[in-house]
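Rule-based calculations on the coordinates, nothing more; no lab input. Keep in mind that what you see is a predicted model, and the values were worked out from it rather than measured. Cβ placement follows ideal geometry from the backbone for every residue including glycine, while neighbour counts extend to all protein chains displayed.
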Amino acid sequence: MNKQEYLQYILDTYGVEPEYLWENAPTAYALRHANNRKWFGCGMTVSGKVLGFDSDAMFDIIDLKADPLMIGSLRMTDGILPGYHMNKNHWLTVVLDGRTEDALLLQLTEESYRITAPKIKKKKP
């Protein structure tokens, strides 16, 4: 799945459009919940060198929040890396170039969305 397909999926599924928040990084964007404004994703375009690849080519990536207990095993999947510019204990980076299966990318997105969703407060009896 490429960046355009991914962002269309986000809009269709969650009703969320990317927010371009940084003047000095005009292609970087945040994906946020409408009600609590928490990020469930952060996307950008970065050089392969900063991702640890042997290439200066530019790659679209998305950072997603994940269960810390799963992060280690997920990082062994092709196209999934430690969170770029994020807390590496709680975030993963997925390269949006097709190397990660779409089903896994969408599952990770759903998990990130769920983890960052507003908590439902129970009424006291």
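Summary of computed values
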item: Mean separation of Cα contacts under 8 Å (6+ apart) over length of the chain, as relative contact order %; result: 22 percent
item: Net length gained if the chain between Met70 and His85 were fully extended (0.36 nm per residue, minus Cα distance); result: 3.5 nm
item: Net length gained if the chain between Lys38 and Glu17 were fully extended (0.36 nm per residue, minus Cα distance); result: 6.2 nm
item: Net charge of neighbours whose Cβ lies under 9 Å from the Cβ of Thr45, counting Lys and Arg as +1 and Asp and Glu as -1; result: 0
item: Candidate values (i) 45, 33, 23; (ii) 53, 32, 23; (iii) 59, 33, 25, label of the one derived for Cα extents along the principal axes in Å; result: (iii)
item: Residue among Met58, Pro82, Thr27 farthest towards the positive dipole end of the chain, charges placed on Cβ; result: Pro82
item: Set Lys3/Lys38; Lys88/Lys122; Lys3/Lys119 screened for pairs whose C-alpha atoms are more than 27 Å apart; result: Lys88/Lys122; Lys3/Lys119
item: On Cα atoms only, tilt of 3-14 relative to the major axis of the chain in degrees; result: 10 degrees
item: Within-14-Å neighbourhood charge of Met70 [Cβ basis; K, R +1; D, E -1]; result: +1
